[in-house]
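No value in this document is a laboratory result; all are computed from the given coordinates. The structure displayed is predicted, hence computed values, not measured ones. A quick note on method: Cβ atoms are made from the backbone with ideal geometry, for glycine too, and the neighbour counts reach across all protein chains shown.
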Amino acid sequence: MEELLKFKDDLYKCIHCRACRFAYSGEPNREGLGEHNGVLYEGMMDGCPAGIEYGWEGYWNAGRMWIARAVLEGDLDIHDKKTRQEIYDILYRCPTCGLCSMQCENNLPTVPINEALRAALVEAGVELLPKHKGLRDLIDTKNNPYNEEHKNRTAWVTDKSKIDNPNAKIAYFVGCTAAYRMNDMARATEDILNKLQKKGYIPDFTILSDEVCCGSVIFRTGQLDVAKKVMRINVEKFNKYETVVFSCAGCYRTMKIDYERFSEVELKYNPKHVIELIAELMLIKCPACGKWNDPDAEYCGNDFCPKYSKRGGVPFPAEFHENKLKIEKKWTKGAVTWHDPCHTVRHFCHYLKDKAIDEVTGEGDSNMWRTYVPSKFERERWIEMPRAIIRNIPGMELKEMYRIGENSLCCCAGGGVKAGYPDFALEGAKRRIEEAEATGADILMTACPFCELNMGQAAEEFKMKFEGKVLDLLEILNELID
Ligand code: SF4
Ligand code: SF4
């Protein structure tokens, strides 16, 4: 209950308005399929995957917040076996996508509250689904949730000299899905890092043989004891590096946000998704406001940028344009559409918004405006960044789905749903793929191996257009970067 008690004040801010079940879309007719037309604030659509699937109050976030409040008040007694099992059956059918946290005007941290309630159930002795318990046991004993041998974790690596490379300044945290299930993606990332090193953009890197599961799925399912155990192992190993890069949105989120919250040891590494690393090399990230700009931009595209805006600022200095990574090869495989992973976009949006609020209400800078502008662009960095990369790939056309960024529909793999409720995970992915198909794009792209895996399986299961055509941006960039 300790974790849940931390959110008591937040829970009393919930006025049960139910705004958190909706997403904004570009479709005023509310039918919702088709290409995003650039106007986001016209129609409101049901956006909570759990609510859409199960259609009852407890499954939407507003219901979950009231369940949490009732548990804290003692109106629901989780020490009663039947009660806690009933709560479990509702609560865990949520991929913790965070859409609700984006919509809530009262800024409720809905995902951490959901996770804290899950932790309270686990603490009270809830009987976990065999799959959920299995994840915990496998991670505890084998360091991965896929029941694979730890010694095979680096079996996919092409250049074996990179394994435990003593000269490295950067470490690549591969994650279990890429290491054991999505090897193409892991190899594409290794290739990209090799190319960037050879071009002199990054120092030498390594892949650690004693990397263990980041613990994402057990943090999300409230199994904090084993989650903290793997966190301690990873922090000890990866704190030796200046930068740790990720190809998985879930690992990246966990090793940044969860580890920062739960680790007793200060995190010394700078966590970065490989797409972020590439964006920094290809684009201009404005140092004054955080906006991503094209490599040839003269001024910052943010009109309110305190330093480099066209309205009263100065142009970007010449050195900002120098030594940029340029993609020369032309993309010829058709139009693409982009699925924003929840773990990069919404989870980071909420985290960064909270940081900005802390800054203005705490000891830091009390100028709301000065804080708001950079934080807005920081929050949006994961929405804008992959799109700016795509814009700078010759021949690549992006066809946007009608709900994107903070309003995206989740693929439904996260939060333990893929393991515990695989049919729901596939149905949820099917809904997202239908949105992708309606754009007329030929390829569905994302930046998370778990989204790629789940949507790829759904496309296959339901014989959809994107069968074999759900790809990670890193795989595509690897084809295009020489
Ligand atoms: S969590 Fe926020 S948006 Fe949802 S019902 Fe409560 S106050 Fe309304
Ligand atoms: S995290 Fe996503 S699925 Fe869960 S309640 Fe919120 S909107 Fe619904």
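Data table
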read-out: Loop-resident sites, the stretch 225-299, for GluC sites (Glu not before Pro), counting at most 15 other Cβ within 10 Å (DSSP); value: Glu242, Glu264, Glu266, Glu298
read-out: Amide hydrogen neighbours beyond the local backbone of Asn293, cut-off 5 Å, H modeled; value: Ile284, Lys285, Cys286
read-out: Packing rank of 397-409, 129-141, where each peptide gets the mean count of other beta carbons within 10 Å, highest leading; value: 397-409, 129-141
read-out: Sequence-distant residues sharing a close amide H with Phe22 (under 5 Å, placed H); value: Gly47
read-out: Contour minus Cα-Cα distance for His16 and Thr83 (0.36 nm per residue); value: 21.9 nm
read-out: Listed peptides 161-168, 306-313 by packing density, highest first (mean Cβ within 10 Å); value: 306-313, 161-168
read-out: Above-threshold pairs, the threshold being 20 Å between Cα atoms, out of Lys228/Lys353; Lys162/Lys195; Lys237/Lys324; Lys81/Lys133; Lys324/Lys353; value: Lys228/Lys353; Lys237/Lys324; Lys324/Lys353
read-out: Net +/- balance of residues flanking Phe7 in space, Cβ distance below 14 Å, scoring K and R +1, D and E -1; value: 0
read-out: Extended-chain gain in nm, criterion 0.36 nm per residue less alpha-carbon gap, Phe304 and Asn147; value: 51.4 nm
read-out: R0 of 45 Å, Cβ-Cβ distance Lys329-Asp46: FRET efficiency to nearest 0.05; value: 0.65
read-out: Within-13-Å neighbourhood charge of Cys104 [Cβ basis; K, R +1; D, E -1]; value: +2
read-out: Rounded to 5, the percent of DSSP beta bridges in the chain classed as antiparallel; value: 25 percent
read-out: Point-to-point label distance, Lys195-His321, nm (Cα→Cβ direction, 7 Å offset); value: 2.5 nm
read-out: Along principal axes, Cα extents of the stretch 134-279, largest first, whole Å; value: 43, 30, 26
read-out: Per-residue HN-Hα couplings for the stretch 168-183 [Karplus 6.51, -1.76, 1.60; θ = phi - 60°; Hz; x = Gly/Pro]; value: 6, 10, 10, 10, 9, 8, 7, x, 5, 5, 5, 5, 10, 10, 10, 4
read-out: Residue order, fewest to most surrounding Cβ atoms within 10 angstrom, among Thr243, Thr254; value: Thr243, Thr254
read-out: Rounded to whole Hz, the Karplus (6.51, -1.76, 1.60) HN-Hα couplings of the stretch 321-334, x for glycine and proline; value: 9, 7, 6, 7, 6, 10, 8, 9, 5, 8, 7, 10, 9, x
read-out: Residues whose placed amide H lies under 5 Å from that of Leu471, excluding near-sequence neighbours; value: Leu444, Met445, Thr446
read-out: Ile433, Ile202 arranged by Cβ crowding within 10 Å, fewest neighbours leading; value: Ile202, Ile433
read-out: Burial ordering of Met65, Met445, fewest other beta-carbon atoms within 10 Å first; value: Met445, Met65
read-out: The chain, Cα convex hull volume normalised per residue, Å³; value: 147 Å³
read-out: Electrostatic dipole magnitude of the stretch 134-279 [Cβ: Lys, Arg +1; Asp, Glu -1; Cα centre; debye, to 20]; value: 200 debye
read-out: In order through the stretch 13-21: 3J(HN,Hα) via Karplus (6.51 cos²θ - 1.76 cosθ + 1.60), integer Hz, x for Gly, Pro; value: 7, 6, 9, 6, 7, 6, 4, 6, 8
